[in-house]
């Protein structure tokens, strides 16, 4: 059973012949009541403080749990971002390697094609040079024959003038042959 300061103040004792001094008992009971009142007040204040502290502790525990959950979530998100970044970097690297390989293959094909074209052009040039030499050679032969015919006719007329022209023709022939040798 709880005793309150009011219970102490209202407590009445039976009177007996050799009992205690009523005044002393009343003063003592009043002091006791005040002391218990102070103790009850302190106890109430401390109980309220304890409840407040318990409430704060619960708040802090909830905040701690929230922070731990947030930290865990952030760590997972960070790990996921890192994994995704690595995967993306690997994909970009693979794509770059494929593109580089394609560029190299295309360049090699173009080089091969250009070499083939150069070879074909050289063969074509050689064929043209052979045809031109053949053509010029046949033209020179025709000129020589014409000159011989003309020389014979002129020889009859001008045998000395003809010798000069023949020499000039020989010089021209030599120059043309030199051009084709280059």
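Please treat every number below as a calculation from the coordinates, not as lab data. Please read these numbers as outputs of a predicted model, since none were measured by experiment. A quick note on method: Cβ atoms are made from the backbone with ideal geometry, for glycine too, and the neighbour counts reach across all protein chains shown.
Would you mind finding the one in 27, 36, 92, 103 that is part of a helix (DSSP H, G or I), without any contact (Cβ under 8 Å) to a residue 60 or more places away in the chain, in contact with a helix residue (DSSP H, G or I) (Cβ under 7 Å, 6 or more places away or on another chain) and farther than 30 Å from residue 178 by Cα? Break it down stepwise before answering.
Values: 27 fails: in contact with a helix residue (DSSP H, G or I) (Cβ under 7 Å, 6 or more places away or on another chain); 92 fails: in contact with a helix residue (DSSP H, G or I) (Cβ under 7 Å, 6 or more places away or on another chain); 103 fails: in contact with a helix residue (DSSP H, G or I) (Cβ under 7 Å, 6 or more places away or on another chain).
On inspection, the qualifying residue turns out to be 36.
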The correct count of residues that are more than 15 Å from residue 11 (Cα to Cα) and loosely packed, with under 12 Cβ neighbours inside 10 Å in segment 31-42 is 4
- Message: Residue under question is residue 136, and the condition is that it be closer than 30 Å to residue 168 by Cα, assigned to a helix (DSSP H, G or I) and touching a helix residue (DSSP H, G or I) at 6+ places or on another chain (Cβ under 7 Å); does it hold?
- Response: yes
